[in-house]
Amino acid sequence: MRVVLLGKGGSGKSTLAALLATELTSRGEAVVAIDADTVPGLAQVLGLEPTDEWHLANQAVRDNGGWRLNGTPAEIVDRCSMPAAGNPRLRFLQCGNVDADLKDIEFRRESNLANWSGTIAFNSLSRQYDDPGGWAIVDLQGGTLQAAGGLAGTKGVALLVVEPFAKSTMTARRFAGMGQWPAGIQLAAVANKVASADEEDHVRAALAPVGVPVWTVVPTDPALQRAERDGRPLVTVDPDSPARRAVAHLADRLIDARHPAPSA
Amino acid sequence: MAKIAVAGKGGSGKTTVAGVLARLLAEDGHDVLTVDADENPNLGISLGLGVERTERLLGAREALLPDGPAIACSMEEVVDDFAAEVGERLRIVQVRKFDHFRPG
């Protein structure tokens, strides 16, 4: 099952991706967490050593003037993803810090071809990868650019992470209105950092006209805020804290989406 | 002319700082052109344009593309053509918006 997180910068995609990965693995599920952000940040909230490295360097090869993946998506994930210490059910993969090298005009030349090839491989894999027996959680970068380019893929659940203010709901409506979403993708929203019933209503009112259901409301949570301030992995946040309870509810919804109840 | 760039992590408040700064400078009598270079642009909201007018702003980058509505002209012409009035001495120009699926 594929779950892709979308939303405005800072809306909480990586935070929810990490909490969701933690929740699903605690239930015995296998998860591959994929950080597509070109300024990566998911490793840190997962409790892994943060790096800028390209995990897929050299994983695209020249083919007839274009590029192709050097293996099936599953083979590449097996080969290139890194295990998460202390969580045997979690593996991690990142695109790598592209911005750092784009400053260098040599980026696409021979000296950096490994990383350029890695970026191409990553984009291709982000579109395609799925784990039928487990979960692929793909954390896209903030804004609409990657999804407009097709990185949300063609199947699974696309979760719009929405904060209760105009810039965030406007961005969510842009995602919903980008055109015909692939038939295999179920588009749903998570209202994040919600402090009151009024704020929840604001998000619901913005999304109802574009037909995006709000699956879960994640409240503002001091325990989560402290962990983020201190740069602690989010697995250290009390499982009974409001945000983690909301993510447990989200996991229920996603498991239902994977195994739809037989219609009566 | 002074040029001010505002940078930082997503959600850190770049757009809010830029919007307030532009308003204050214009109120002090300076001519201010704001440039929203984000591909998911929302500076119009922070300037007080509202959602509808912000969504109607055109991307000036189109003017610089071979297949855009205009062939490359001077930067001043691009700004004159694409900038929208926000208030006295205050204008906004948006660079580009990715709000449709595109091939490739």
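Observations on the structure shown:
- Antiparallel DSSP beta bridges within segment B:14-94, percent to nearest 5: 35
- Counting Cβ atoms of other protein chains within 10 Å of each residue's Cβ and taking the mean over peptide A:147-153 gives 3.
- Antiparallel bridge percentage (DSSP; both residues within chain A; nearest 5): 20
- The long axis of helix B:14-27 is offset from the longest Cα principal axis of chain B by roughly 60 degrees.
- The dipole here belongs to the protein assembly as shown: it is taken about the Cα centre, uses +1 on the Cβ of Lys and Arg and -1 on the Cβ of Asp and Glu, and is about 700 debye.
- In terms of packing, defined here as the mean over residues of other Cβ atoms within 10 angstrom, the peptides A:84-97, A:236-249, A:140-153 line up highest first as A:140-153, A:84-97, A:236-249.
- A Förster radius of 22 Å combined with the Cβ-Cβ distance from residue B:28 to residue B:75 puts the calculated FRET efficiency at roughly 0.30.
- Between 0 and 90°, nearest 10: helix A:197-207 axis offset from chain A longest Cα axis: 50
- Separation in nanometres of the label points that stand 7 Å from Cα toward Cβ, at residue A:49 and residue B:53: 5.2
- Volume of the Cα convex hull of segment A:1-80, divided per residue and given in Å³: 130
- Gyration tensor analysis over the Cα atoms of segment B:14-94 returns equivalent ellipsoid semi-axes of 23, 14, 10 Å (largest first, whole Å).
- Centroid-to-centroid separation of segment A:29-62 and segment B:82-104 [C-alpha atoms, Å]: 32
- Net charge of the neighbourhood of residue A:18, taken over other residues with C-beta under 12 Å away and scored Lys/Arg +1, Asp/Glu -1, is -1.
- Estimated FRET transfer efficiency when R0 is 30 angstrom, pair residue A:232-residue A:185 (beta carbons, to 0.05): 0.35
- Under 17 Å from residue A:193, Cα to Cα: lysines that are on another chain or at least 8 residues apart: A:8, A:13, A:167
- Mean ellipticity per residue at 222 nm, deg cm²/dmol - from DSSP H runs of n ≥ 4 across the protein assembly as shown, formula -39500 (n - 2.57): -10500 deg cm²/dmol
- Cα pair count fraction exceeding 25 Å, expressed as % - segment A:9-258: 43
- Using alpha-carbon coordinates, inclination of helix A:113-128 to the longest axis of chain A, degrees: 40
- Straight-distance crosslink candidates among lysines, where the alpha carbon sits under 18 Å from residue B:3 and sequence neighbours closer than 8 are dropped: B:14
- Computed over neighbours whose Cβ is under 10 Å from that of residue B:10, the net charge equals +2, Lys and Arg +1, Asp and Glu -1.
Taken together, the values in this text are just the output of simple stated rules run on the coordinates, not laboratory data. Computed from a prediction, not measured in an experiment: that's the story for all the values here. FYI the Cβ positions are ideal-geometry reconstructions off the backbone, even for glycines, and counts take in every protein chain you see.
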